[in-house]
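Enquirer: Questions regarding the structure given below will be posed in turn.
Computed from the coordinates by the stated procedures, all read-outs in this text should not be read as laboratory data. Fair warning: this is a prediction, and the values are worked out from it, not measured in the lab. All Cβ positions, glycine included, derive from the backbone under ideal geometry; neighbour counts span all protein chains shown.
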Amino acid sequence: MGFSPTLSLNFPPSSYSKKQNPPPIFISTNASHISLLHLQRLYQSVNLSPERFPRLNENGCVEPVNLDKLRIAVSNSSVVVSVFCKRDFSEGDGGKRLEEFGLSGLIESAMPVSETNGELVGFGRAVSDNALTASIYDVMVIPQLQRIGIGRRIVNRIIRVLTNGGVYDISAICSEQERLFFTACGFGNDVLGSTTMMYTRTPLNYSDHQDLVKHAGRKLLLVPPPIGRFPSQG
């Protein structure tokens, strides 16, 4: 799911109540439909980062992800799902626009949503070996459209693409706060009892060795101990 310094699922309630019909959306699995700039803004809108150790600004919010890294991540993802919605609905004032613009607003609202006339409001991706296993990352929906089922539709579409390709060993990388969401999407504890572990490099990892760990900016470098002087040849 990436890094979330604040709970990305803990936003104010959606503008759309359960009694209302959800706004029209367009779901795409075509990576070419995604604008990297729009995707970068989507990460920021939910305060989420795909990086393990993102930079934070003075307010504790994630800095924009590097576009070159984002391009590489998207191009190397096995499944990419993007969700588009017309701007008026994503801002929660679709009905107001119809009243203000009359017939023209009605005609515009009746046009099917596409990647060309819609705004990117949701995203999710999976990385897979395309044969045996896959992992789901970065499932997110803008705050205004959360809790109306879009996130679940993203996950379901990812699972459908993977299982159609014969991949059934699917895991979801998520925070503890996001566990309930993935449980609702059909995920649970591994029947084999395995646990996801993340590689971390800290000084404690090497306390039993003579190697030294030194800081280099945000990175930690493993430096071997000096070999010592060569024996004299005299």
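Enquirer: Amide H neighbours of residue 121 under 5 Å, counting only residues 5+ apart in sequence or on other chains, H built in-plane at 1.01 Å?
Expert: 83, 84, 85
Enquirer: Continuing with the same structure: Beta carbons within 10 angstrom, averaged per residue: use that to sort the peptides 25-32, 151-158, highest first.
Expert: Descending packing order for the listed peptides: 151-158, 25-32.
Enquirer: With each pseudo-label sitting 7 Å past Cα toward Cβ, what's the residue 192-residue 160 distance in nm, one decimal?
Expert: Using points 7 Å along Cα→Cβ, the separation is 2.8 nm.
Enquirer: Roughly how many nanometres apart are two label points built 7 Å out from the Cα toward the Cβ at residue 115 and residue 44?
Expert: Spacing of the two 7 Å Cα→Cβ label points: 2.2 nm.
Enquirer: Figure the gain on full extension for residue 171 and residue 76 (residue separation times 0.36 nm, minus the Cα-Cα span) and round it to one decimal in nm.
Expert: Full extension of this stretch gives 32.4 nm more.
Enquirer: For a quick protection proxy, order the peptides 132-142, 184-194 by their average other-Cβ count within 10 Å, most packed first.
Expert: Listed from highest to lowest mean packing, they are 132-142, 184-194.
Enquirer: In whole Å, largest first, what are the principal axis extents of the Cα atoms in the stretch 111-192?
Expert: 46, 29, 15
Enquirer: To continue, here is another question. Ordered by packing density, taken as the mean number of other Cβ atoms within 10 Å over each peptide's residues, highest first, how do 38-47, 118-127 rank?
Expert: Going from most to least packed, we get 118-127, 38-47.
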